[in-house]
1. So how do A:ASP182, B:ASP92, A:ASP298 line up by other beta-carbon neighbours within 10 Å, fewest first?
2. Report the chymotrypsin sites (Phe, Trp or Tyr not before Pro) located in segment B:262-315 that are in a DSSP loop and have at most 12 other Cβ atoms inside 10 Å of their Cβ, or state none.
3. Averaged over all directions, how much area does the convex hull of the C-alpha atoms of segment A:139-194 cover when projected, in nm²?
4. Based on the inverse mean of 1/r over its pairs of different Cα atoms, what is the Kirkwood hydrodynamic radius of chain A, in Å?
5. Per residue of segment B:88-105, what does 6.51 cos²θ - 1.76 cosθ + 1.60 with θ = phi - 60° give for ³J(HN,Hα)? Whole Hz please, x for Gly and Pro, Karplus curve as stated.
6. For B:LEU113, enumerate residues with amide H under 5 Å from its amide H, sequence gap 5+ or separate chain, H modeled in the peptide plane.
7. Would you calculate the separation in nanometres between label points at B:ASN268 and A:ASP12, each defined as 7 Å from the Cα along the Cα-to-beta-carbon direction?
8. Of all beta bridges DSSP finds with both residues in the protein assembly as shown, what is the antiparallel percent, to the nearest 5?
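Just so it is clear, none of the values below were taken in a lab; they were calculated from the coordinates. Model, not experiment: these values are computed from the prediction. Virtual Cβ from ideal backbone geometry, glycine too; neighbours counted across all protein chains shown.
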Amino acid sequence: MEIYSDFKRKDDIERLISAIRDEIKRPVNIMEICGGHTHAIMKYGLNILLKDKINFLHGPGCPVCVMPVNRIDEAIEIVNSAGVILAVYGDMMRVPGTSSSLIKERAKGKDVRMIYSPLDIIKIAEDKSHKNKKIVFFAIGFETTTPMTAALLEEIIKRGIDNVFIHVNHVLVPPPINAILDSGDSLIDGFICPGHVSVMTGSGIYADIPHKYGKAAVITGFEPYDILSGALLMIRQINEKRPSVEIAYKRAVNEDGNKKAQDLVNKYFTVREEFEWRGFGKIPKSGLKLKNEFKDFDAEIIFKSKLEELYMQLESGRTRKESLLCKCGEILKGKSKPDDCPLFGKTCNPENPIGACMVSSEGACAAYYKYRY
Amino acid sequence: MLSHGGGGKETSELIGSIIFNGLYGQKGIDADKYDKYGFSSSDRHKDVCYAQNISGQKIKLLEDAAVLKSPQNIAFTTDCFTVKPIFFKGGDIGKLSVAGTVNDLSVMGAKPLFLSLGFIIEEGFFLADLEKIIKSISDESAKTGVMVVTGDTKVVPAGKADGIFINTSGIGEIIYDGLSVFNIAPGDIIIVSGNVGDHGAAVMSRREGIEMDVEIESDCASLWDMIDSVLKSVTGISAIRDATRGGLAAVLNEWAIAAEADIYAEENKIPVNDAVKGFCELLGFEPYQLACEGMAVFAVKPEFAEEALNVIKSHSLGKNASIIGTVVGNNNFAGGKDEARQTKVNAGSIRQSAGKVILKGIYGVNRLLDYPSGELLPRIC
């Protein structure tokens, strides 16, 4: 298990902290995009160790947090249809929709199954007692998890399984970054980009950050060593005024990424015109859907009439539950911190999350609530 | 496979051939007499048979209730076991159902004497699995010398239970009086008797939807012998807890609230198996929130802490024992006055002001160790 401890060694961390403190010329604002980074920063106290030097802002990179209410409502509507088994990743279970969540639906006796890998769905589908069931996968995640959904599709087609359907909520990392920077009033100096996304996509997807917006970008991993060595590269970019995309995670990331995974994704998915994000609203070309030729596997098409009823109901007056006081939108854009929100820790907490960032354990508010005292 | 019956003969045979035989067939019972009561004979209610526990006490079996000679002060506890999977590395639901109740008695300073054993079994459950579970119960009871003196079995239709559920209640004789969470006070030293999180990780790694092949064994074990050795030789023990549901984090948070004081612990002093650390990192869990089933947490007056640690370490279940922290009054928080004030200010905004657990991280930064809440759900990325 050296891989566990080698990137946490205290002397390395202390060396990196003092290098950053020595080299930094002015306090900088750095946004880590991914919730995994936020979590590691808070857990190890890297924000405290670099207090007054680096202001860590927490970005929109938790796929659970950014899932809007209406997509949860759709999942709830689907699992309430006759003969449906809904498979989801665990941390999606608690996310509140308009008036329920999947964990509450499970408590009511609906068949919601927690899975860890999409390929677990094959096992559910091949269980003979599920022959007449419709098995729906509520697929979420960024570029990291989309290839696994594509692999599931590949497998169900290969095996001739005809009762598995996918509710596609896969989203892309670069569009919300562009949305933040397009707003024009961002004080962010640079972005720490998630290493596991680039394992799949390569480093090229962040080219706009330096070239279009003149900001720094460093791709790195999730160990304290990775985050701090990434921060050091970023400080040097900022000092030398040479914005670029650098990789501080060369043990896993290269420029091209995983070609096979990319091909698999491109085979089944295409970009949607727009997709709604919690806290952001609709962002153009930010989500994926199944290509038309795979529409027989598309839960949005198979359950179309049910979902249309749902939209009509919603439009005819049932109000959605995104609170007006909640500052998640501002937090995800790097304009506020969790403790700036009047709801934080009071009405909004992990047991009863109101906003996007409290919902998943990876969200920024959940991390603040969990680690700060 | 078990089939469901409304009681009567099938159930009697089940109890007789598998449960009774498994528990008393080998030892502790007057074999001559028992042979007559294999539950196949029709005269089973005409005679009596006895089981004998290790201290020589004879218990009459096969009556509607066990008649026991009770010591003056007893501790009485009950626990239900629904663990999934039923068999895991390092144990099974049977071993757990004995060790769990034995440990609940032990941490109260009570020597475990008698157990009740209730089964709810789903129709279709494999008899071979039931036999394995009974054997585990028998083996684990023998370790402490606790005796199953009464029990009940219900077989329910398929789908009305999930395989097998067990309830055990336990009676123990209070040997060491006065252990209580309300004894815990600022200055007390916190000791853990072993690695944290092994059971939770072992079970979760085999759970449907995760199924990872990690080399983690449950620490499931009966702790009376170790706890007895500590209480026999060391005074100044304020309280003991087995860190089951919610793990170390739950115990420390409950203690902090009961003592109306903060508990300050150091992450690099808490023993955690590397495989458990890796497992937690992957799924986004804290080892401190995972259940332990063979580990006890001790709060000890400072002047006795070293002595207690040495006794625990000398026991085979306590080899990895470690002093992990201290109970601190709110005003003499280790970070100094400013930090104590800041703690209060921050706490005031989101938490109750007293009774927090603060963990000093591996790079020296303090953070909250929160009370675990809800079901642990693995993160997706």
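1. So the ranking, lowest neighbour count to highest, is A:ASP182, A:ASP298, B:ASP92.
2. Hits after loop and neighbour filter: nothing returned.
3. Working: hull surface 19.1 nm².
Across all orientations, segment A:139-194 yields a mean hull projection of 4.8 nm².
4. 21.5
5. These are the phi-based 3J(HN,Hα) values: 9, 4, x, x, 8, 4, x, 4, 4, 6, 7, 4, x, 6, 4, 5, 4, 6 Hz.
6. So B:LEU113 has HN proximity to B:ILE171, B:GLY172, B:GLU173.
7. Those two pseudo-labels are separated by 1.5 nm.
8. Bridges in the protein assembly as shown are about 55 percent antiparallel.
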